[in-house]
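What follows is one structure encoded as structure tokens, with my remarks underneath.
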Amino acid sequence: RRSGQYTMNHDHSKKTPDGASFDRSGSQDSLDELSMDDYWKELENIHETRGNNHEERVALVVKEPDEGELEEEWLKEAGLSNLFGESSGDSLESVVFLSTLTRTQKAAVEKRVETVTQTMRKKNKQHQIPDVRDIFRLENDSKGKVCDGSQPSTVRTSENKNEIQDGTKGLKCSLGTDEQKSPLEDMPFSDTDINLEIPFAEQAANLRDCSVGKMCKGGRGDTLLPNFRLPKDKTGTTKIGDLASQDMKKVYSLALIELTALYDILGTEFKQQKAVKIKTKDSGLFGVPLSVLLEQDQKKVPGTKIPLIFQKLIAQIEEATLETEGLLRIPGVATRVKSLCQELEAKFYEGTFNWENVKQHDAASLLKLFIRELPQPLLTVEYLKAFQDVQNLPTKKQQLQALNLLVLLLPEANRDTLKVLLEFLQRVIDHRDKNKMTLKNVAMVMAPNLFTFHGFGSKTIEQSEFVMAAGTANVMRFMIQYQKLLWTIPKFIVNQVRKQNTESQKKEKKDKAMKKLLKKMAYDREKHEKQEKTPNDADVPQGVIRVQAPHLSKVSMAIQLTEELKASDIVARFLSQKSGNVQTLKKEEVFLYEIGGNIGERCLDDDTYMKDLYQLNPNAEWVIKPKQS
């Protein structure tokens, strides 16, 4: 491949590859014919801006972890720190958690626990060191083998036998045997359907083990982006923001384990980077941590989730028109951008800054500067390399799956800001006929701003090869093109959360029952609790749910479930009951929520089929209310 010769000059005087001849024709989505011109020019602009800005810049040190430290950190992040160390005895919660994992997820955990265990034994730490087999309570472990991640576990617990089917509608291919047929060959999903019911690592393992040689290669050869879509789910699609915070914590742990399992199966190394804490600015606009910015901004605008300066710069760019040719590609004048930057720092929060003086290209340059100047990258130090490495996965579908899990792993402030950025970039692309900024152009221009992070010193992408530059532009394209898919929580993860909640509730009930027996109460508590139940609950016959709507004029209604009844039908039925006394809420302002049972709280999408969801969670309460910002 010719890319080998396109290495960067290490001095910053010229940022385009020697002797590169570029073809500007190229189709909308193709990167093979694509000129990298825009990418190198953007890098040149970035260095010019940095050249004019020699204020103290502290490079963020990325710490090289000691042996076992990475795995120990991983287990902590996954919420499994009580599997080792001083608290290793207190792992009841972890037992519940582990009982809901798939085989490939368990293999990923086993691999990390084994590494930590071996390291602790080497260091002779005075901690209780668990045996991996004890942790997973394997019943049939004649060999006592620990998976190395490249070979999925063939051992199962009795609980585990049905667990894959629990959320995946019949994944029966035993990954350890050859004679059984992969369900992926029979599944009604097409190549462009994103299957959110079967865990991604299980899909990858099945492709590898049951369809050897059939795996289509992604990445480098064919650069056109498929028209990926999400098949409709009768129990409703769950988006980021639809679940309560206690369930989102479980989603985070499961996403981390699933991503690691996926990388293990595909033979790609997944390493979280670790930043050493550095002193950062505690006020201002540029070069300030997102958390500090939001703290400042929430004093001005309570509840805001996106930095005000970021919102304002996007609004300023859009106010002119998104049809301006070369928008985002043509830089503002460097000296003027620097001057505006200083003026904004002094006047933005006072409200005295004159936005009429800001030209559109300058506002675009300020937006990109804001992203680059964050003390930690928008994609975070921990996961920047993982985002970058997505390009190395074999198929485009797997690349998309990995990005989906990575988005779930971002802190809320980073994820919300990234979402607003990607939505804005899509609006720019929507005007490509006039502004000449296609998906590939926008990706080329934005990739250096998200992926060249000043804290990584000599290892930054600017000194890497052409292939790496094209790779990050590819990841950028994926994030823009498939942003709606990326903000979806896969159904298999939601199902695992439901299972965890159910198992935890069972254990809680057992504990409560034991306490009741020990206390030998003078009265029958169970009868008393039944009497306390609202008459409404007792009155509701089979196949009927009671929906509460405290904010609407009709505050409660019994609804008969039918095969075709959707969440939007129930909301419409309530809204049709008019009353002069209650403030009228519009359809887009209120949502039906599933609360309790095996989920904390979940906002339902309009197309959720209620009978299917009721069967999945029969103990839930159903409430119509406005969505909290």
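Could you work out the Rg to Rh ratio of region 384-445, with Rh taken as the Kirkwood radius (inverse of the mean 1/r over all Cα pairs)? Kindly include the intermediate steps, with their values, before the conclusion.
Working: Rg = 13.5 Å, Rh = 13.2 Å.
That ratio is 1.03, to two decimals.
At 0.36 nm per residue, and after removing the present C-alpha to C-alpha distance, how many nm does the segment from Asp282 to Glu356 gain when stretched out fully? Before the final figure, lay out each step's value.
Values: separation 74, 0.36 × 74 = 26.64 nm, distance 2.85 nm.
That pair, Asp282 and Glu356, stretches by 23.8 nm at full extension.
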For labels at Asp612 and Glu564 in the simple 7 Å Cα→Cβ model, what's the distance in nm?
-> 1.6
Residues with beta-carbon under 12 Å from that of Lys611, excluding Lys611: net charge, scoring Lys, Arg +1 and Asp, Glu -1?
-> -2
Pairs of Cα atoms under 8 Å, at least six residues apart: use those to get the relative contact order of region 540-628, whole percent.
-> 34
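In region 296-430, what is the volume of the convex hull around the alpha carbon atoms, normalised per residue and reported in Å³? Numbers along the way, then the final one.
Numbers: hull volume 18.5 nm³, N = 135.
Each residue corresponds to 137 Å³ of Cα convex hull volume.
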Using unit Cβ charges (K, R positive; D, E negative) and no other charged atoms, how large, in debye to the nearest 20, is the dipole of region 540-628 about its Cα centre?
-> 420
Reported to the nearest 10 Å², Met444 has, with a 1.4 Å probe, an accessible area equal to 0
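Can you tell me the order of 98-108, 326-336 when each peptide is scored by its average per-residue count of other Cβ atoms within 10 angstrom, highest first?
Numbers: 98-108: 25.0, 326-336: 17.9.
Top to bottom by mean Cβ count within 10 Å: 98-108, 326-336.
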First obtain the Kirkwood hydrodynamic radius of region 540-628 from its Cα pairs, then insert it into the Stokes-Einstein equation at 4 °C and 1.567 mPa s, and state the resulting D in µm² per second as a whole number.
-> 98
Would you calculate the separation in nanometres between label points at Ala346 and Thr502, each defined as 7 Å from the Cα along the Cα-to-beta-carbon direction?
-> 6.4
From a point 7 Å beyond the Cα of Glu295 in the direction of its Cβ, which residues of region 256-283 have a backbone N at a distance under 14 Å?
-> 279-283
Using per-residue counts of other Cβ atoms within 10 Å, averaged over each peptide, order 393-405, 286-298, 547-559 from highest down.
-> 393-405, 286-298, 547-559
If you count, for each residue, the other Cβ atoms within 10 Å and average over each peptide, how do 384-392, 317-325 line up from highest to lowest?
-> 384-392, 317-325
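The values are calculated or read from the model by the stated rules, or taken from the named source; none is laboratory data. Since the structure is predicted, the reported quantities are computational estimates derived from the model, not experimental observations. Quick reminder, even Gly has a Cβ in these numbers, built from the backbone with ideal geometry, and neighbours come from all protein chains shown. These accessible areas exclude ligands, DNA and RNA; they are computed on the full protein's heavy atoms, side chains included. Shrake-Rupley method; radii C 1.70, N 1.55, O 1.52, S 1.80 Å.
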